[in-house]
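Just so you know, all these numbers are worked out from the coordinates, no wet-lab data involved. Everything quoted here is computed from the prediction, not taken from an experiment. Reconstructed Cβ throughout: ideal geometry from the backbone, glycine too, with neighbour counts over all protein chains shown.
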Amino acid sequence: MTAQPDPRTAELAANLQATRRRIRTAAEAAGRDRADIALLVVTKFHPAEDLVRLVGLGEREFGESREPEAGRKIAAVRAALSSGEGAVDDGDVAFAADMIGSVQRKKAGSIARWARRVHSVDSLALIDSFDGAAQRALDAGERASTLGVLLQVSLDGDPERGGLVSDDLAEAADRVLAASNSLALEGLMLIAPLEMAAAEAMSRIAEIRQDFVERYPGATELSAGMSGDVEEAIAHGSTCVRVGTAILGARPILSP
Ligand SMILES: *Cc1c(COP(=O)(O)O)cnc(C)c1O
């Protein structure tokens with residue numbers, strides 16, 4: 001018995017198809033293997049029901065940016081999927097959520113319980129917080145493996161957007177490597193500055209990443225590219241695009 005999808009599911013399916021096509025076309029244009037580029041669907045401000053719909057449409061990797069809403073939402077999605085209420089039949093869905101937004105140190109403990117990786121690590125203090133938090137989560141059996149860390153890079157030093165300037169990356173990377181019991185150094189992340197053309201931002205992060213990978217050969221991930229600049233990011237080596245608006249539509253306005 002197959003029911004008609006509800007209108008929201010149909011909308012998400014169409015948007016998802018268009019986004020997958022963009023990724024495939026950009027990968028082909030860059031002569032890259034599509035399998036080397038992950039799509040992280042960013043559902044911030046949208047409800048858990050949308051995540052369940054997206055899992056039903058085949059997506060398995062999600063990005064969240066606000067704690068504690070993120071942790072609550074992930075728990076709701078896991079509950080829906082395991083109870084069979086969701087659109088998914090196979091009981092064993094490998095579902096992963098990453099933290100991509102700016103993090104307050106006091107939230108590290110709760111994030112370490114649900115996040116596969118954190119893309120937005122941008123200070124030594126935050127690395128220390130996640131080291132302790134991931135260790136406690138491992139000891140308590142709340143996570144099964146080390147917490148992945150991507151260092152957020154700032155191209156313009158704007159504290160508002162966050163990120164480490166390139167001169168400070170090595171010190172941070174060494175700090176993550178020193179915490180190898182709890183953390184895994186996976187690569188770099190960029191939120192392109194608004195005032196910079198996407199192609200320029202992506203070509204600059206590509207250079208920084210090339211130097212970084214020479215020094216840290218295991219840290220090959222590059223999380224870059226959002227709804228507006230997927231193509232430029234893939235052309236410059238992104239391994240993970242974080243797409244929200246193009247798939248979920250405009251974010252609902254929240255009352256204060
Ligand atoms: C919201 C957000 C995205 C998604 O942005 P869209 O323009 O909606 O695709 C990607 N990365 C981060 C860090 C975000 O906060």
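Contact map, the stretch 52-81: first residue without any contact (Cβ under 8 Å) to a residue 40 or more places away in the chain, second residue away from the ligand (no atom under 16 Å from the Cβ) and among the polar types (S, T, N, Q), Cβ cut-off under 8 Å, separation 6 or more or different chains; the map is empty.
The listed residues are 222, 194, 190, and the only one of them that is more than 13 Å from the ligand (Cβ to nearest atom) and either closer than 24 Å to residue 104 by Cβ or not hydroxyl-bearing (Ser, Thr, Tyr) (or both) turns out to be 222.
Give the residue that is farthest from the ligand (Cβ to nearest atom), with candidates limited to residues of the stretch 34-48 that are surrounded by 17 or more Cβ atoms within 10 Å (Cβ to Cβ) and not in a loop (DSSP other than H, G, I, E, B). Applying the filter and picking the extreme gives 48. Scanning the stretch 234-256 for residues that are away from the ligand (no atom under 11 Å from the Cβ) and buried (at least 23 other Cβ atoms within 10 Å of the Cβ) yields 234, 236, 238. Could you check, for the stretch 11-31, whether at least one of its residues is under 23 Å from residue 118 (Cα atoms) and crowded, with 20+ Cβ neighbours inside 10 Å? Yes. If the condition is being under 14 Å from the mean Cα position of the chain (by Cα) and farther than 27 Å from residue 165 by Cβ, then the stretch 111-153 contributes only 114. If the condition is being more than 15 Å from the ligand (Cβ to nearest atom) and either in a helix (DSSP H, G or I) or touching a Gly at 6+ places or on another chain (Cβ under 9 Å) (or both), then the stretch 49-63 contributes 49, 52, 53, 55, 56. Checked against the criteria, residue 144 does not count as within 16 Å of the ligand (Cβ to nearest atom) and at negative phi.
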